[in-house]
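Single-structure report; data block below.
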Amino acid sequence: MSADGVPRPDRDTGQGTTAPGAARKGTAQPGTAAPTAAAPTAVALRGVEVRYGADPALSATLDIAPGERVALVGPSGAGKSTLLGLCSGARPLAAGTVEVLGVDLAAASRRGLRAVRSRIGSVHQGLDLVGPLTALQNVSAGRLGRWGTVRSLASLVRPVDPGPALEAMRRLGIEDLAGARTDRLSGGEQQRVALARVLVQDPALVLADEPIASLDPGRARVVMDLLTEVVAGDARTLLVSLHDFAAAQETCDRVVGLRRGEVVFDLPAGEVTAAHRDALYRLGA
Amino acid sequence: MREGSPGAPVPASATPRPLRSDRPRAARWWALAAGVLVLWSLWGMGIGRAPVLNPAGWPSLRAFAEAALHPDLSPAFLLRTLDAAAVTVAFSLLGTVLATVIGLVGGVLMSEAWWGDAPVTRARRGRTGWLLTRIGVGLPRGIHEAVWGIALLLVLGRDPLVGVLALGIPFGAITAKVFAEIIDETDPGPHDSLIAAGAGRLQAFCYGTLPRIWGDLLAYAFYRFDCALRSAVILGMIGVGGLGFELGTAFAGLDYERMWTLILVLIVLGLACDRWSASLRRPGAAHEAGEAGTASRGDGVAVGRRLRLSFAAALLLSVASVLYLRLDLARLLSPETWRRAGRLIADALPPTLPSTWADLLGDAAATLQMSVIAILVGGVIGVVAAFLGAPGPSAGPLRSAVAALCRIVLLAIRAVSPSVWALLLLFVVLPGPLPGALALGLYNAGVLGRLFTETLENMDHRPVRSLQLLGAGPVQTFSYGVLPSVTGRFTAYGLYRWEVAIRETVVVGVVGAGGLGRVLESERASFDHAGMLTAVLALLLLSLLVDLVSASARRAWR
């Protein structure tokens, strides 16, 4: 097995994950189908409507600028996951347009969709790692969107260019676990593997769906710090759904309140008060 | 300690350690051993060393294929086929009833719950009872129903009792084991509270445990019937009667039109039975792998109603079967039967070598090689068929059509028993271990293909979805997401079926393919009962060995 592990620039994109802050903003990734020359918004939802059966699940208009950190708050069923699903092109929409990193997702070709998805990092509560693979393989999978087929297959047998993956794991303090089977790791370690994968993917936009919903306060704190670490330095855009108002205000610049599929408020983090919170969660009415 | 602060300072120059994989070293040795075993088995099949194809058989094969267009549908033969089918179904049904009764009694006695919950003062005696039952049930399970059939034919002659007993005894032992697992996996709370309230063991079982596992037990019994139907055909081929007997007769007389009629009836029966038995199982239960009790309680109500209906129908049909076969239970106790059994045992003891030790070892090796090739062939075909047959959530109409076709082919392959496949393969392949191995391989392709398909359908799709979300293409998603998730399960199923395949070699052996089964058949033809016993013991030892190896390989792989 390769032991050099010296971080090398990622040959596919000409950028290293190891060099945060490198000139990345505004450069179109090879293969990206759409004009990203100077995308004014990271995410633009225009008159979006999603329905489950006859019930409207979400109807929203929202713009997020590159580099912004936005928290989505609101009770269960308010449409937070639906909104995040729209941004990764995982959910169909009934009306409106979703533009992510300058690409209209509904109009994108299959190839174009893959290209834009390779620039979107997703963090789920369920982690969604492949259990029987090693931690290193799971982290390296972050680059599948940019790797060709041959290279991907070769890397399953013997890690190809493990430098960036190892560097990402080191940043999250799990470099010792590179060869361990992922399903044998503890929950906290798996969380770090999932975040390292996002780091290696080097996305322009990070979507996190309730990353701390089932964690105790201590662990939740650690995960939020890690998430901040992942988007730090580089002007990555963060869109995260949360129940925890304090965490939202601490981590993000902007807080968007959702209730019954509609945006109730959209304020800078400092201006959100307890009254907003109560309005969002009040029962009935 | 790894839960510390995220920005923990790391020396920038720290070079990572060599990437060690924590797949246990033992697993690699197992993989190497498996490779050697496969190569040795391929060599043993004689491919490339001696002619294996039988060019003289090609015209017969063509005649056989042409006969498919006009199977014998004359009223006289149809009536005979109907009678044979009824006999086969009756054997299977009564065999299953017997197996269920044995299984229920044996399962309770084998369960740890029965002995373990006994008052502390009796714990010691309980342990012995548990162990004795385990051994008493383990032995008949190791001997294939075809061997039971041969032995019972010698004692009872051509009597319908042979078919029922030959199925009921080994199946009863298997059923007992599965029932014991179901009982032990059930939450002991209600049972224990009855014991604490002063109920006896039997009362506590009947009131506390049985009502909760009744559906699972019944569903397993119907699954056993599905297996019994296939085995009844095999028993027919060794002379017990029914469809298998007619098929063997037609083959001997080169009566291809009649063979086709019989094969079509077999497939229809198998399909109907398979669908019906599947409809009684709750989704997710993998009984075929002996993993009973893992069922989810999904659409329990509909399944429950179907179970009750099937139970009533099975009871009625059982009575009808007894009348149709004109079963005479008194024969079991007649002095004639006892005299014959005594003579058979006296003849067989002590076991003698059929020829030489070298021959016996050679036949044992051929048997082992056949089982390995069978699993190799079955596994490869099964994997391909499973990926074709499980189209995934977002498949187009063409893909879905291919999947449906694939499942039907798998069903048809399973419906035809391995001994019939061996007969058909003997058209084109010279007798020896190869046709036997291929026949077992085809049959196991049907079984493994179905198990693999279920694995693919039940796997967790979220990791795959998340790879798609980060931009991975179809090939990458498959190789990083799907393949690693199912490989372990596939390997475990393959190893489990290997244990079954080594026992099934006897089935293809008796129709002339190689191995210990052929030895058994030739000793039977020459009435050398002591030699037969040796072959049976050798088979038993060999299957015990394979069980051991397979179980430790599965452990190493996990």
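Kindly indicate whether A:R181 is in contact (Cβ under 8 Å) with a residue 24 or more places away in the chain, in contact with a Ser or Thr (Cβ under 7 Å, 6 or more places away or on another chain), surrounded by fewer than 24 Cβ atoms within 10 Å (Cβ to Cβ) and charged (D, E, K, R). Judged against the criteria, A:R181 is a match. Beta carbons closer than 7 Å, at least 6 apart along the sequence or on distinct chains, pair a first residue in the stretch B:76-100 that is in the same structural domain as B:M259 (by TED's automatic domain parsing) and closer than 17 Å to B:L329 by Cα with a second that is of a type in the set (D, E, K, R) and crowded, with 20+ Cβ neighbours inside 10 Å for B:T96/B:R224; B:A99/B:R224.
Taking the conditions exactly as written (surrounded by fewer than 20 Cβ atoms within 10 Å (Cβ to Cβ) and modelled with pLDDT of 85 or more), does B:A358 satisfy them or not? Criteria not met by B:A358.
For the stretch A:203-215, residues that are closer than 15 Å to A:A232 by Cβ and touching a helix residue (DSSP H, G or I) at 6+ places or on another chain (Cβ under 8 Å) total 3. Within the stretch B:388-401, at least one residue is surrounded by 18 or more Cβ atoms within 10 Å (Cβ to Cβ) and part of a helix (DSSP H, G or I). At least 1 residues being closer than 30 Å to B:T186 by Cβ is the threshold, and among the helices (runs of 4 or more DSSP H) wholly inside the stretch B:295-375 those reaching it are B:300-325. Could you grab me the full set of residues in the stretch B:145-193 that are part of a helix (DSSP H, G or I) and of a type in the set (S, T, Y)? Those that are part of a helix (DSSP H, G or I) and of a type in the set (S, T, Y): B:T175, B:S193. In the condition set (1) loosely packed, with under 13 Cβ neighbours inside 10 Å; (2) closer than 30 Å to B:S41 by Cα; (3) not assigned by TED's automatic domain parsing to the domain that holds B:P433, B:P351 is compliant with all but (1). Taking first residues from the stretch B:306-325 that are surrounded by fewer than 14 Cβ atoms within 10 Å (Cβ to Cβ) and partners that are in a helix (DSSP H, G or I) and modelled with pLDDT of 85 or more, no Cβ contact under 6 Å between residues at least 6 apart in sequence or on separate chains turns up. Evaluated against (1) at the interface with chain B (Cβ under 8 Å from one of its Cβ atoms); (2) more than 22 Å from A:A90 (Cα to Cα), A:V223 falls short on exactly one condition, (1). Considering the stretch A:149-258, the qualifying helices (runs of 4 or more DSSP H), each wholly inside and each with 3 or more residues that are farther than 26 Å from A:T61 by Cβ, run over A:149-157, A:163-171, A:187-201, A:217-231.
Please tell me if B:P431 is assigned by TED's automatic domain parsing to the domain that holds B:F490 and either part of a loop (DSSP other than H, G, I, E, B) or touching a His at 6+ places or on another chain (Cβ under 9 Å) (or both).
Yes; evaluated as a whole, the condition is true for this residue.
The single condition among (1) buried (at least 22 other Cβ atoms within 10 Å of the Cβ); (2) within 14 Å of B:G481 (Cα to Cα); (3) facing chain B (nearest Cβ under 8 Å); (4) of a type in the set (A, V, I, L, M) that A:I174 does not satisfy is (2).
The set of residues from the stretch A:207-219 being hydrophobic (A, V, I, L, M, F, W, C) and more than 9 Å from chain B (Cβ to nearest Cβ) comprises A:A208, A:I212, A:A213, A:L215. Is one or more of the residues making up the stretch A:97-111 at the interface with chain B (Cβ under 8 Å from one of its Cβ atoms) and among the β-branched types (V, I, T)? No, the stretch A:97-111 contains no residue that is at the interface with chain B (Cβ under 8 Å from one of its Cβ atoms) and among the β-branched types (V, I, T).
Here is a yes/no grid of residues against (1) in contact with an Asp or Glu (Cβ under 7 Å, 6 or more places away or on another chain); (2) modelled with pLDDT of 85 or more; (3) assigned by TED's automatic domain parsing to the domain that holds A:A141:
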residue	(1), (2), (3)
A:T182	no, yes, yes
A:G218	no, no, no
A:V222	yes, no, no
A:A232	no, no, no
A:A248	no, yes, no
A:C252	no, yes, no
A:R259	no, yes, no
A:D266	no, yes, no
A:Y281	no, no, no
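Looking at the stretch B:30-58, which of its residues are under 16 Å from B:L495 (Cα atoms) and over 26 Å from the mean Cα position of the chain (by Cα)? Listed by number, the list holds a single entry, B:L32. The condition (being within 14 Å of chain B (Cβ to nearest Cβ), of a type outside the set (F, W, Y), touching a strand residue (DSSP E or B) at 6+ places or on another chain (Cβ under 7 Å) and over 16 Å from A:V70 (Cα atoms)) is satisfied by just one residue among A:A204, A:A194: A:A194.
Applying the criterion of being β-branched (V, I, T), surrounded by fewer than 17 Cβ atoms within 10 Å (Cβ to Cβ) and more than 9 Å from chain B (Cβ to nearest Cβ) to the residues of the stretch A:131-159, the residue that is farthest from A:I120 (Cα to Cα) is A:V157.
The values are calculated or read from the model by the stated rules, or taken from the named source; none is laboratory data. Small disclaimer: the values here were computed from a predicted structure and weren't measured. Using ideal geometry, Cβ is built from the backbone for each residue, glycine included, and neighbour counts are taken over all protein chains shown.
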